[in-house]
Amino acid sequence: MIEDRTEKQLYLGVLHLAWPSFVELMLTQLTSMADLMMVGRLGSFAVAAVGLSGQPKLLLMSAIMALNVGATAMVARFKGMGERRQAAEVMRQALLVNLTLGAVMSVAGFFLAEPLVRFMGARQETLADAAIYLKIQMAGMLTVAVTSTITASMRGAGHTRQAMIYNIAANAVNILGNYLLIEGHWGFPRLGVAGASLATVIGQLAAMVMAVCYVRGQKYYVSLMIREKFRAEWELIRRIVRIGLPSMLEQLIMRTGLMMYGKIVAGLGTLVFAAHQACLNIQSLSFMNGQAFGIAASALVGQNLGAGRPEFADAYAKRARRLGMAVSALLMFVLFFLGGAIVSLYVEEAEAINMGASALKIMAFILPFQSSQLIIASALRGAGDTRAVTGYSVLGVLIIRPAVAYLLVVVFELGLNGAWFALAADQLARSALTLLRLKSGKWKTIRV
């Protein structure tokens with residue numbers, strides 16, 4: 001029963017964990033937007049080049065991201081059980097595995113960069129820039145592996161403010177690096193698209209150093225003793241992988257579907273793809289709201305299930321969803337009425353601006369549903385119910401989105417609007433399915 005906690009206390013519990021993540025993620029995405037806007041000053045070809053490298057990079061990072069889902073869920077459960085040493089050991093084992101995976105993916109991505117962006121539909125005017133951007137990103141993969149694993153573990157323990165601090169610092173380094181390296185200021189070389197990628201990697205390195213400093217010692221619930229040997233604890237790794245494996249399949253499926261989707265749009269030409277990439281970058285800002293409340297839901301669900309309080313896990317998940325949808329409802333008005341002005345910050349061509357503004361109107365209507373599915377999916381992952389979420393991603397991203405995009409873009413020739421109607425169909429389907437899963441209550445009995 002939850003009568004011993006008022007509605008206010010439940011909502012405040014969600015907000016306590018969500019607001020640092022919200023600030024962190026929003027500032028991170030604003031940095032990404034500024035990054036692309038600064039690149040956009042080089043021309044639409046540069047925006048398209050950066051966009052072409054995005055999905056291959058995320059595809060190669062999918063295994064690391066999946067293991068982090070397992071780490072968050074396990075740390076949250078152990079905290080709920082009061083097992084601090086085990087929670088810290090989860091982070092150590094996740095770091096051990098992700099460093100290995102990061103090294104492999106870094107080498108593979110570096111040498112396969114050009115074939116990957118060529119597969120994505122890179123044309124002659126974008127191929128070289130897209131390939132060098134991806135190569136530099138792959139060279140910095142290990143820093144992402146370390147930082148993301150520490151962040152996932154800290155979030156599982158409820159420490160969201162620390163990740164906010166070091167990621168804000170990394171964003172500042174990134175923006176400064178963009179200013180110095182894209183067009184060449186203060187005596188630095190003018191590196192163009194490569195300069196933007198290098199600035200991102202330098203920012204990621206700064207975040208990694210700060211993240212490691214945070215978890216050294218005993219100040220936080222999860223800690224990292226550098227002097228202790230990193231020995232594989234295979235039973236713990238197996239448990240982390242058991243939770244993370246469906247998420248890895250989900251990420252691989254999502255990236256495959258998104259690459260298929262992106263390839264369809266890329267076939268419309270460089271200018272259309274530049275407008276599409278600008279809209280995706282703007283849409284990512286709306287994701288941050290859902291992800292922030294999702295982080296809170298994941299941690300609170302995992303901790304309360306670990307403590308044997310499934311009714312609280314359910315209560316927190318539902319209130320996180322309500323808060324996230326309310327924020328999205330406000331954001332939808334901004335994108336509907338100001339979409340064209342925002343797109344004009346990325347590209348200068350009137351045709352691209354008009355296409356982008358139209359696509360953002362379509363996106364505005366689905367924002368509350370998008371937020372709902374992101375938050376519920378995170379809550380289900382926090383419970384260890386990753387298989388259901390993976391199934392929904394298979395249906396939405398691998399089947400519905402590319403199939404509808406092909407039908408509307410290629411067959412009916414609706415252009416960029418057709419691609420965004422396809423995205424809306426995917427989001428609406430996953431929103432309905434995740435909500436039904438939450439209401440079923442089956443996730444409350446899953447053992448991790």
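The values are calculated or read from the model by the stated rules, or taken from the named source; none is laboratory data. Bear in mind the structure is a predicted one, so any value in this text is a computation, not a measurement. Please note: Cβ atoms are built from the backbone with ideal geometry, for glycine as well, and neighbour counts cover all protein chains shown. What goes into the accessible areas is simple: the full protein's heavy atoms, side chains included, and nothing from ligands, DNA or RNA. Shrake-Rupley method; radii C 1.70, N 1.55, O 1.52, S 1.80 Å.
Table for the structure above
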read-out	value
Every residue from region 177-193 that is part of a helix (DSSP H, G or I) and crowded, with 18+ Cβ neighbours inside 10 Å	Gly177, Asn178, Leu180, Leu181, Val193
Among the residues listed as Leu27, Leu60, the single one being surrounded by fewer than 18 Cβ atoms within 10 Å (Cβ to Cβ), within 17 Å of the chain's Cα centre (by Cα) and under 27 Å from Arg255 (Cα atoms)	Leu27
Matching residues in region 342-362 - criterion: being open to solvent by 10 Å² or more (accessible area, probe 1.4 Å) and more than 16 Å from Met38 (Cα to Cα)	Ala350, Glu351, Ile353, Asn354, Met355, Ala357, Ser358, Lys361, Ile362
Odd one out for Thr149, checked against (1) open to solvent by 30 Å² or more (accessible area, probe 1.4 Å); (2) under 30 Å from Ala87 (Cβ atoms); (3) out of contact with any Gly (no Cβ under 8 Å at 6 or more places or on another chain)	(1)
Which listed residue is over 27 Å from Gly324 (Cβ atoms), in contact (Cβ under 8 Å) with a residue 24 or more places away in the chain, in a helix (DSSP H, G or I) and charged (D, E, K, R), from Arg239, Arg255	Arg239
Unique residue being crowded, with 18+ Cβ neighbours inside 10 Å, in contact with a Ser or Thr (Cβ under 7 Å, 6 or more places away or on another chain) and touching a residue at least 24 places away in the same chain (Cβ under 8 Å) when the list is Val173, Val215	Val215
Subset tally (residues that are among the charged types (D, E, K, R) and without any contact (Cβ under 8 Å) to a residue 12 or more places away in the chain) for region 410-448	2
Helices (runs of 4 or more DSSP H) (entirely within region 304-403) containing at least 2 residues that are among the polar types (S, T, N, Q)	350-382, 386-393
Within region 100-173, helices (runs of 4 or more DSSP H) holding 1 or more residues that are in contact with a helix residue (DSSP H, G or I) (Cβ under 8 Å, 6 or more places away or on another chain) and at pLDDT 85 or above	124-139, 141-156
Residue identified as under 23 Å from Leu58 (Cβ atoms) and either open to solvent by 80 Å² or more (accessible area, probe 1.4 Å) or of a type in the set (Asp, Glu) (or both) among Leu268, Leu198, Leu249	Leu249
Any hit, region 378-395, residues being open to solvent by 50 Å² or more (accessible area, probe 1.4 Å) and at pLDDT 90 or above	yes
Candidate set from region 255-265 (those that are hydrophobic (A, V, I, L, M, F, W, C) and surrounded by fewer than 23 Cβ atoms within 10 Å (Cβ to Cβ)); member that is nearest to Val69 (Cα to Cα)	Leu258
Residue that is within 26 Å of Arg239 (Cα to Cα) and either of a type in the set (A, V, I, L, M) or in contact with a Gly (Cβ under 9 Å, 6 or more places away or on another chain) (or both), where the choices are Arg381, Arg401, Arg387, Arg430	Arg381
Qualifying residue in region 424-437 (condition: assigned to a helix (DSSP H, G or I), over 30 Å from Ile243 (Cβ atoms) and of a type outside the set (Phe, Trp, Tyr))	yes
Per-region count, region 229-246, residues surrounded by fewer than 21 Cβ atoms within 10 Å (Cβ to Cβ) and of a type outside the set (D, E, K, R)	7
Per-region count, region 409-448, residues of a type in the set (Ser, Thr, Tyr) and either open to solvent by 50 Å² or more (accessible area, probe 1.4 Å) or at pLDDT below 90 (or both)	2
In region 271-294, the residues that are open to solvent by 10 Å² or more (accessible area, probe 1.4 Å) and either in contact with a Phe, Trp or Tyr (Cβ under 6 Å, 6 or more places away or on another chain) or not aromatic (Phe, Trp, Tyr) (or both)	Leu271, Val272, Gln277, Leu280, Asn281, Ser284, Leu285, Met288, Gln291
